[in-house]
Amino acid sequence: MPLEAEGPIVIARAGPNGQAPRCEHADELKAVEYMSAECRECLAVGQTWSRLTMCLSCGWVACSDGSWNGHARAHYQETDHPVAAVLGPPPISRWCFVHRRIV
C-alpha cells in the first residue's frame with residue numbers, strides 16, 4: 001500500500017552504521033542497583049537457572065528465558081519494565097522485551 005503525501009510521517013531513528021532503529025526504552029534508562037545475586041523465585045521453588053538478568057527499571061534480578069522458569073519475562077509482563085541486562089561476565093547485553101531484540 002503506497003503512502004499518501006498527506007498521511008503521517010514516520011521517522012525511525014537509526015542506530016550506528018545503519019543498524020536497527022534505536023530503542024527509546026533503552027534511551028530512557030536510569031542507573032539502578034541490582035537487588036540480589038540470584039533468582040529469588042527459583043530459589044523459592046527449589047529450581048536453578050542458567051542465566052540471570054536484571055531489570056533496568058527497578059533492579060529486580062530474575063532468571064532469563066533460557067532458564068526453566070523465565071521469571072524475567074514474567075516480571076516484564078507484570079510491571080511493563082521494558083529492558084533487562086544479562087548479568088555475568090562481559091560482554092553484557094541488554095534485551096528490550098517490547099522490541100524483542102538486543103539494544
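For segment 23-102, the spherically averaged projection of the C-alpha convex hull amounts to 5.0 nm². Each other residue within a Cβ distance under 14 Å of residue 56 adds +1 if Lys or Arg and -1 if Asp or Glu, for a net charge of -3.
The numbers here are math on the coordinates, done by the rules we state, and not lab data. Note that the coordinates shown come from a computational prediction; the quantities given were computed from them, not determined experimentally. Counting neighbours? That spans all protein chains shown, and the Cβs are built from the backbone with ideal geometry, glycine included.
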